[in-house]
1. List the number of the failed condition for residue 158; all other conditions in (1) at pLDDT below 90; (2) buried (at least 18 other Cβ atoms within 10 Å of the Cβ) hold.
2. When residues of the range 21-53 are filtered for being assigned to a helix (DSSP H, G or I) and closer than 30 Å to residue 102 by Cα, how many remain?
3. Confirm whether residue 18 is closer than 30 Å to residue 99 by Cα and modelled with pLDDT under 80.
4. For the range 88-107, enumerate the residues that are assigned to a helix (DSSP H, G or I) and within 16 Å of the chain's Cα centre (by Cα).
Amino acid sequence: MLVAPAVVIVLLFGLPLMSPTGEKHFRRRPVAVVVVLVIATAIGTLTWLGTSSAWSPVMNAWSAAPTPVEYVRTRTPLELQGALVVQSKQCRNCHSLGGEGGRRGPALDDTATRLTRDQLVRQVLQGGGNMPAYGKNLRPAEVEALVAFLATMHPDDAAAARDASRRSP
């Protein structure tokens, strides 16, 4: 199963060299040379893009990186549990935190300035965009802790996101 395709490919490449007739010199077969070069270039380029693009995360890349201290200092026990959920569920494989982590999803540093608490719950449970739904993978307590932690993710000088459908007094 593994050897037969390789043997067939080698035989097909060697067939023109074993044939007693026909032109064998590469300068007399420019179309064949161009076709082989285009195929080799395409395979090489696609292989390089597949291994180096940001949309192709290494799924164990930042799992072991600790959460930066400034994100857990002065947090409530529920928010600390949320930081542990971010760590244990490997959210940082796609999202960055403190400039370290994946690039596939948005950074979590300012999540609370973009999404309200309800929007965070919906995003975690139902997913959306490139994010898969985690509603079946997280217990309700984990979702509550995760959202409590993410709701604190905004710079000190920035206000938290608010629901535009609700009137402010």
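1. For residue 158, the exception is condition (2).
2. The qualifying residues number 12.
3. Against the criterion (closer than 30 Å to residue 99 by Cα and modelled with pLDDT under 80), residue 18 does not qualify.
4. 91, 92, 93 - these are the residues of the range 88-107 that are assigned to a helix (DSSP H, G or I) and within 16 Å of the chain's Cα centre (by Cα).
The values are calculated or read from the model by the stated rules, or taken from the named source; none is laboratory data. Keep in mind that this is a model prediction, so the values were computed, not measured. Positions of Cβ are generated from backbone atoms using ideal geometry, with glycine treated the same way; all protein chains shown enter the neighbour counts.
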